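Pasting in a structure now, in structure tokens, and then I'll have a few things to ask.
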Amino acid sequence: LDIAASVGLHRAAAKAGLDDPELEARVIAEEQQAWDFNITGVPAMIINGRFLIPGAQAPEVYVNALRRVAQKSRTPS
């Protein structure tokens, strides 16, 4: 809680977050997803739960990826 307070967070809010079982479950699920995608560093973006863009990329990379994902979602499987 000292660390949270040192960066400007309210102690009570930080404690509530640390004690929240739903938040804990969400963090564990996201950590598992990172393992599943073999993410070993940040930044890393997962789009639609399926597509990984690793590392810092130029804005065009994100635009192109989002366009491709949108196109795939419109195309019937």
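The values are calculated or read from the model by the stated rules, or taken from the named source; none is laboratory data. Remember, predicted model here, so these are calculated numbers, not experimental data. Cβ sites come from the backbone with ideal geometry, for glycine too, and all protein chains shown count toward neighbours.
Which members of segment 42-58 meet the condition of being within 22 Å of Ser73 (Cβ to Cβ) and surrounded by fewer than 12 Cβ atoms within 10 Å (Cβ to Cβ)?
Asn48, Gly49, Arg50
Results for (1) in contact (Cβ under 8 Å) with a residue 60 or more places away in the chain; (2) surrounded by 10 or more Cβ atoms within 10 Å (Cβ to Cβ); (3) not polar (S, T, N, Q); (4) not in a helix (DSSP H, G or I), shown as yes or no for each residue.
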position	(1), (2), (3), (4)
Val27	no, yes, yes, no
Gln33	no, yes, no, no
Thr40	no, no, no, yes
Glu60	no, no, yes, no
Asn64	no, yes, no, no
Ala70	no, yes, yes, no
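Determine whether Leu18 is at pLDDT 90 or above, surrounded by 12 or more Cβ atoms within 10 Å (Cβ to Cβ) and hydrophobic (A, V, I, L, M, F, W, C).
When the stated conditions are applied, Leu18 does not pass them.
Still on this model: Kindly indicate whether Ala56 is assigned to a loop (DSSP other than H, G, I, E, B) and touching a residue at least 12 places away in the same chain (Cβ under 8 Å).
yes
Here's a follow-up. All but one of (1) assigned by TED's automatic domain parsing to the domain that holds Ser73; (2) over 23 Å from Ser73 (Cα atoms) hold for Tyr62; state the number of the condition that does not hold.
Unmet condition: (2).
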